[in-house]
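Laboratory data are not the source of any read-out in this text; all were calculated from the coordinates shown. Just so we're clear, the structure is a prediction, and the values are computed from it rather than from any experiment. For neighbour counting, all protein chains shown are included, and Cβ atoms are generated from backbone atoms with ideal geometry for every residue, glycine included.
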Amino acid sequence: MNAAANAKPGAQQSAGPLDGIRILDLTSVVLGPVATQVLADFGADVLKVEGPEGDMMRANGVSQNPGMSSIYLAINRNKRSIVLDLKTPAGVAAIKRLIPTVDVVVHNMRVAAIERLGFGYEAVAALNPKIVYCAATGFGQDGPNRDKPAFDDIIQAACGLAGVSSIGRDAPTYMPSLIADKTTGIVVANAIMAALLHRERKGQGQYVEVPMLETMTAFVLAEHMGGMTFAGSTVPAGYARLLEGGRKPTRTSDGWISMLPYTDKHWQAFFRAAGREDLADKYSIADRLKRNAHIRALYQHVTELTPGKSTAEWLALCSELDIPATQIYQLDDLPEHPHLKAVGLFQESLHPTEGSIREIRPTARFSATPVSLRRPAPSLGQHTGEILQEAGFSTDEIASLQAATGKKAAP
């Protein structure tokens, strides 16, 4: 499939596979907006509800204008923004009128907080019995941590990720990525789509809960369960091949490379190219079990041998020998990555308030229902008037509601 499967800005745009699905998005920060952006990219009409102060991520990252930061722009495309103050009777009443018009309500507040606002599952289902209601929580609601606050760092520490990524270091550390928020957000999107499929088949809405700690613990332990898998085992948790295998970027004569000889053929070809065929015999490369027993020593030899050639020379050899390899790309290098350029991952678009910006297109491709960058990330309350009008609010009601929140409708 070629890059044309995803429409580019300016081309005729497909509605996407979730066309016709309407989502009331009460999420904020990163986890929830990542989830709803997946759904918006797939064609859903996502109504992003913000308070008068706006999503706090509007201020985080690099900004040219207040309220339109790089992070906000990256995780809120293809959505519409409506400003409502849920701490006021008028804002609560407006949400109650919107709920019967949507298919999904999703939030990432603590459950006690949204219950206080009057929008727990039971209250929402009373207004829309077929609603798919998704709560993205920090902790499962049947556990003792159910009411505790959760942020990416806290979950990284609690789920074992900070611990496993700190093995061999002097002190624990966090991954420099909001990996718990983003990973859980993707699971939230998948859970909502599964619930929508069930409703399509059975006509039944439902409550869906996606807790961060449980989601990330399962994510970390997929390969690291180790001896915990088996009753009575004395083998500790952890995937030894990763934890003890010595895999890491290695120096070349002029830089760094990531190289991964993996099969016996890879190792034999690598040692032959490096002029050290004797090592293949020394470590019984052809025997997988013996090779794995010496894996740390093998990767140590990679570290010792790669400085003998330049990065370009190793990349050419690895390509010839079918050994997985790449140069080390820094963040600022990624738009020039040859493959990413060829597939058009980065796209230039004209934002109505931010001017020319670089965006990352949706990565999933659909042959029958291509997805696209249909809408730029909205300014605060940009679509308040039109969303309320679609829900049957009169001109006077819209003006009154916006006066109460201090936000005027965008034309």
Cross-link candidates for K290: which lysines have Cα within less than 22 Å, leaving aside residues fewer than 8 places away along the same chain?
K248, K265, K282
Reciprocal of mean inverse Cα separation for region 182-319 (Kirkwood radius, Å)
18.7 Å
Determine the distance separating the Cα centre of region 238-269 from the Cα centre of region 318-393; give it in Å without decimals.
32 Å
Check the straight Cα-Cα distances from K341 and name the lysines below 20 Å, setting aside those fewer than 8 residues away within the same chain.
K8
Regarding the chain, what is the average projected area of its C-alpha convex hull, in nm²?
24.8 nm²
Stick to the Cα atoms of region 281-321, pair each with every other, and give me the Kirkwood hydrodynamic radius in Å at one decimal.
11.5 Å
Which links in K96/K202; K96/K130; K130/K182 stretch past 22 Å when you go from one Cα to the other?
K96/K202; K130/K182
For labels at S63 and V343 in the simple 7 Å Cα→Cβ model, what's the distance in nm?
3.3 nm
With no solvent and one point per C-alpha, what does the Debye sum give as log10 I(q)/I(0) for region 250-327 at q = 0.11, 0.17, 0.23 Å⁻¹?
-0.24, -0.58, -1.05
Ordered by number, the chymotrypsin sites (Phe, Trp or Tyr not before Pro) in region 233-285 that occupy a DSSP loop and have at most 13 other Cβ atoms within 10 Å are Y262
F151/T326 FRET efficiency (R0 41 Å; Cβ-Cβ; nearest 0.05):
0.80
Taking every other residue with Cβ under 13 Å from the Cβ of A316 and scoring Lys and Arg +1, Asp and Glu -1, one gets -2
Between H198 and W256, what FRET efficiency follows from the Cβ-Cβ distance if R0 is 45 Å, with the result rounded to 0.05?
0.40
Furthest towards positive pole of dipole, S69, S400, N190, structure part the chain, Cβ charges:
N190
Highest-first arrangement of 334-342, 49-57, 112-120, where packing means the average Cβ count within 10 Å:
49-57, 112-120, 334-342
Please list 298-311, 66-79, 24-37 highest first by mean number of surrounding beta-carbon atoms within 10 Å per residue.
24-37, 66-79, 298-311
Highest average packing first - 201-209, 384-392, Cβ atoms within 10 Å
384-392, 201-209
Placing each pseudo-label 7 Å from Cα in the direction of the beta carbon, Q389 and K87 end up separated by a distance in nanometres of 3.1 nm
Of the candidates C159, C318, C134, which one comes out as most mobile in a Gaussian network treatment of the chain with C-alpha springs shorter than 10 Å?
C318
